[in-house]
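Contents: one structure, followed by commentary.
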Amino acid sequence: MKKLFLCVLAVMTVAVFGLTFNAAAEEGVTDTEIHVGQWGPQTGPAAPWGAVARGTDAYFKMINAEGGIHGRKLIHHYFDDAYNPAKTKAGVKQLQEDIGMFAWVSGVGTAPGLAVKDYLMEKKIPWIGPSAGSRHWIQPPNKYLFNTYPLYLGDAQLLCKYAVETLGFKRIAIAYQNDDYGKQGLEGAQKQLAKSDLKLVAEIPVNVADTDMKPHIMKFRQAKAEAVLLFVGPAHVARLQGTGKAMQFEPQWMSTTTCGDHPLMMAITKGLYAGTISASFGMMDPKKIGIGNKEDSMNPSLPLLAKYKKDAYDKFAAKEERWGMTFNAGIGFIEPFVEALKRCGPDLTREKLVAELEKIQDFQGIMGTVSFKPFDPKDPLCRIGQQEVFLVRAEADGTSTVLTDWYTTEFIPMEH
Amino acid sequence: MVDFLQMVLSGIAVGSSYALMGLGMVLIYKASEVPNFVQGEMALLPVFIAFMLLSTYGVPYYIAFPATLIFALILGCVLEFVILRRAKDPNILGLIIITIGMEMMLLGLVSWKFGADQRAMPFPISSYDSIIIGDIFISTLDLLTLVVALVIMVSLFLFFRFSKMGVAMKATQQNENAAALMGIKTKQIRMVTWGISSMVGSVAGLLMAPVLVEPYMMWDPMLKGFAGAVVGGMTSLPGAVFGAYIIGIVEHLFGGYVSIEFKSVVAFAIIVLVLCIKPSGLFARHYVKKV
């Protein structure tokens with residue numbers, strides 16, 4: 001009896017010491033696992049963007065199949081927030097406080113991201129690669145928040161520059177989603193055109209629920225716009241282009257990285273998207289392809305992307321999953337995170353991860369080059385990540401013709 | 001002047017879709033005395049069925065569209081029979097919540113079965129062609145919607161006026177107990193009304209689908225159809241149509257001359273205005289029960 005009691009006591013002591021040891025280790029990290037959280041709309045109006053989280057999931061599974069990172073598997077916890085900030089907040093808090101995430105990656109949307117930004121930053125939990133090109137991620141900069149998505153402001157700059165300097169247009173208009181995404185595009189376009197002493201000839205807001213685009217097209221026609229910037233979602237691009245065609249208004253349409261999935265856009269516009277110029281944040285290298293040459297996103301020329309197609313998409317994506325820019329973005333936004341995890345070595349802590357991320361310079365994955373700097377609360381660029389974009393034109397066969405080389409955009413600070 | 005005429009014409013065109021949705025809602029309101037918030041999804045599911053028949057199975061239009069409408073008819077009947085009829089002595093609030101619940105179920109079913117991606121549905125006419133009269137444009141799809149809406153309105157008028165079933169429906173809607181005493185099977189009548197309403201809404205859905213098919217495509221037209229029905233009077237079929245056209249035209253004029261940003265909310269401002277002036281709607285008769 002005494003021996004049994006001593007044995008139980010010994011087991012309890014070991015357990016208690018064990019628990020104490022684990023509690024002292026970094027949250028979300030064990031000897032064999034790294035727990036990473038992510039939200040993304042799998043239902044609701046923004047559900048097409050749910051592919052971002054599924055892309056990340058396949059990417060993590062590929063890494064795990066290749067042995068993980070320093071012997072640890074990436075355990076991906078993602079949940080459906082339906083693009084509802086209240087659900088994002090509840091889901092993030094639940095996962096963080098019940099299971100304990102080491103870090104958060106991607107996460108679709110500005111509004112859902114803003115709902116949890118302060119919570120994550122106060123708890124000093126790293127968040128890498130928000131899936132929205134919003135200035136809120138870097139101004140003011142946060143030590144634990146690393147942006148990788150080029151800002152929408154930059155898309156507008158390059159699109160306007162190309163429209164004015166290369167295409168020679170003077171009458172440029174914009175259809176902008178009536179939210180942070182659209183308004184940053186509007187601001188970027190206004191600032192860029194001002195450099196050429198030009199102003200937007202029409203600034204037309206589009207509400208997310210709007211389905212009838214006739215009044216919008218009438219405004220563009222009245223303004224005699226030669227080019228129209230489309231800072232809206234894919235569905236509104238389809239509606240605007242369709243209504244424009246029916247009303248015999250066919251300007252040079254120019255869209256953002258959010259509508260850069262050309263095969264998808266060609267399908268939902270029944271081919272009207274052909275000829276549309278869009279900004280791109282990667283998935284090909286314009287330098288290697290060459291200006292004027294074509295890229296077929298279904299057969300990527302980028303060796304790394306081709307590997308992801310074979311080893312992540314083919315093996316781990318669901319059968320009905322579509323290979324495309326949105327799925328790939330779920331990989332591209334977080335490659336710097338994986339790179340930093342590798343550089344951390346086996347002794348993984350959040351502070352170490354942040355330090356390694358800060359050392360990343362000209363990192364090249366499937367997107368543009370990504371660089372961070374040591375944290376400086378006065379320098380938003382220390383957390384901007386990728387600043388370069390390029391332009392492509394959608395072709396009728398679903399391919400994309402490269403129009404420009406990488407262009408480093410200018411950061412426009414928020415006016416207070 | 002050209003712009004004004006263009007806006008009015010565009011308003012009438014979009015109002016036709018709202019009118020079809022509004023007609024569906026009024027039919028059900030008259031039968032079940034409930035604002036039917038599942039109206040949009042009763043059209044959504046058949047639209048996706050049509051999309052599947054056309055795109056996946058290559059079924060020709062002349063089979064796919066009638067099959068879709070028959071499916072819509074059955075869907076409406078099933079919803080009434082399986083869900084709504086089972087509610088025990090429900091009050092209006094209970095019925096509204098049931099329709100909202102059904103809306104969520106159907107929306108979830110569509111999202112789960114067909115996915116959330118946007119798609120374009122094949123259609124016999126191009127949604128991008130237009131007819132030009134002077135400087136005024138109307139797309140052929142809008143013109144078709146206008147004609148179809150008018151045909152359905154006239155058909156419904158003739159149905160309620162001259163068919164035995166239509167007269168039985170009217171009788172049930174006016175006084176269910178008296179109708180039952182006259183030998184009318186009122187429960188069946190209510191079920192068929194749901195079926196017809198679903199079919200009318202599905203016609204609107206099929207006419208919107210060539211532009212874009214996505215799970216949330218019927219939400220805005222349903223709200224605007226509801227707004228039109230409230231403006232015209234929830235118990236008046238011509239009122240719902242007239243209200244929907246008012247909403248469509250005012251929306252376009254407001255968007256063109258005042259603010260495109262607030263174009264979408266003007267429909268609801270009209271509701272408030274009409275309800276303040278004539279609570280039963282512009283066309284509905286206001287009955288006062290006398291004891």
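The values are calculated or read from the model by the stated rules, or taken from the named source; none is laboratory data. What you see is a predicted model, and the numbers here were worked out from it, not measured in a lab. We place every Cβ from the backbone using ideal geometry, glycine too, and count neighbours over all the protein chains shown. For accessibility, only protein heavy atoms count, side chains too; no ligands or nucleic acids. Shrake-Rupley method; radii C 1.70, N 1.55, O 1.52, S 1.80 Å.
A few notes on this one:
- Counting only other chain Cβ atoms within 10 Å of each residue's Cβ, the peptide A:243-251 averages 5.
- Accessible surface buried upon A-B contact (total; probe 1.4 Å; Å², nearest 100): 3000
- Average accessible area per residue (Å²) across chain A - probe 1.4 Å, nucleic acids and ligands excluded: 39
- Classified by the C-alpha gyration tensor, segment A:248-322 has an oblate form. Its axis ratio a/c, with a ≥ b ≥ c, is 1.5 or above, and a/b does not exceed b/c.
- The calculated 222 nm mean residue ellipticity attributable to helices in chain A amounts to -11500 deg cm²/dmol, summing -39500 (n - 2.57) over DSSP H runs of n ≥ 4 and dividing by all residues.
- Kirkwood-based Rg to Rh ratio, segment B:128-269, C-alpha trace: 1.04
- Overall form of segment B:165-215 per C-alpha gyration tensor (a/c, 1.5; a/b vs b/c): prolate
- Relative contact order for segment A:273-416: 35 percent, from Cα pairs under 8 Å spaced at least 6 residues apart, divided by residue count.
- Where a label projected 7 Å from the Cα of A:Ala355 along Cα→Cβ would reach, residues of segment A:133-172 with amide N under 18 Å: A:143-145
- Heavy-atom surface analysis with a 1.4 Å probe gives the protein assembly as shown a carbon and sulfur content of 63 percent of its accessible area.
- Each peptide among B:29-36, A:195-202 gets the average number of other Cβ atoms lying within 10 Å of its residues, and from highest to lowest they stand as B:29-36, A:195-202.
- Highest mean packing comes first when the peptides A:376-388, A:150-162 are listed by Cβ atoms within 10 Å, giving A:150-162, A:376-388.
- Restricting the calculation to Cα atoms, chain A yields a radius of gyration followed by a Dmax of 23.0, 95 Å.
- FRET efficiency for the A:Lys319 to B:Lys88 pair, using the beta carbon distance and R₀ = 41 Å, is estimated at 0.40.
- In order along segment A:255-262, the phi-based Karplus estimate (6.51 cos²θ - 1.76 cosθ + 1.60, θ = phi - 60°) of 3J(HN,Hα) comes to 10, 9, 4, 5, 10, x, 7, 5 Hz; Gly and Pro are listed as x.
- In chain B, helices alone account for a calculated mean residue ellipticity at 222 nm of -22500 deg cm²/dmol, with every DSSP H run of four or more residues adding -39,500 (n - 2.57).
- Comparing A:Met247, A:Leu159, A:Tyr176 along the charge dipole axis of segment A:152-290, the residue lying farthest to the positive side is A:Met247, per the Cβ-charge model.
- Each peptide in B:195-204, A:31-40 was scored by the mean count of other Cβ atoms within 10 Å over its residues; highest first, the order is B:195-204, A:31-40.
- Straight-distance crosslink candidates among lysines, where the alpha carbon sits under 29 Å from A:Lys124 and sequence neighbours closer than 8 are dropped: A:Lys61, A:Lys73, A:Lys87, A:Lys89, A:Lys93, A:Lys143, A:Lys342, A:Lys352, A:Lys359, A:Lys373, A:Lys378
- Eligible lysines near B:Lys187 by straight Cα distance, threshold 30 Å, same-chain separation 8 or greater: B:Lys30, B:Lys88, B:Lys164, B:Lys170, B:Lys224, B:Lys289, B:Lys290
- Comparing the full protein assembly with the isolated chain, the residues of segment B:186-229 losing at least 40 square angstrom of accessible surface (1.4 Å probe) are B:Val211, B:Leu212, B:Tyr216, B:Asp220.
- 5 angstrom amide H check on B:Ser130, placed H, neighbours 5+ away: B:Thr140
- Helix runs (DSSP H) in chain A reaching 20 Å along axis by Cα, Kyte-Doolittle at least 0.0: A:2-24, A:51-65
- A straight line joining the Cα centroids of segment A:149-167 and segment A:41-107 runs 31 Å.
- Overall form of segment B:69-131 per C-alpha gyration tensor (a/c, 1.5; a/b vs b/c): prolate
- Counting Cβ atoms of other protein chains within 10 Å of each Cβ in B:112-120 and taking the mean gives 6.
- Using the 1.4 Å probe convention, the accessible area of segment B:105-247 works out to 42 Å² per residue with neighbouring protein chains retained.
- Neighbours of B:Leu106, meaning other residues whose beta-carbon lies under 12 angstrom from its beta-carbon, give a summed charge of -1 when Lys and Arg score +1 and Asp and Glu score -1.
- Rg to Rh quotient for segment A:150-267, alpha carbon positions, Kirkwood Rh: 0.93
- Near A:Ala202: Cβ cut-off under 11 Å, other residues only, Lys/Arg at +1 and Asp/Glu at -1. The net charge is +4.
- Neighbours of B:Lys164, meaning other residues whose beta-carbon lies under 15 angstrom from its beta-carbon, give a summed charge of +3 when Lys and Arg score +1 and Asp and Glu score -1.
- Drop in accessible area of at least 50 Å² in the complex versus isolated chain, residues of segment A:199-220, 1.4 Å probe: A:Asp212, A:Lys214, A:Pro215, A:Met218, A:Lys219
- Peptide-level mean, for A:297-310, of C-beta atoms on other protein chains within 10 Å: 0
- Candidate aspartates and glutamates for bridging to A:Lys315, where Cα separation is under 20 Å - those fewer than 8 sequence places away on the same chain excluded: A:Asp57, A:Glu66, A:Glu335
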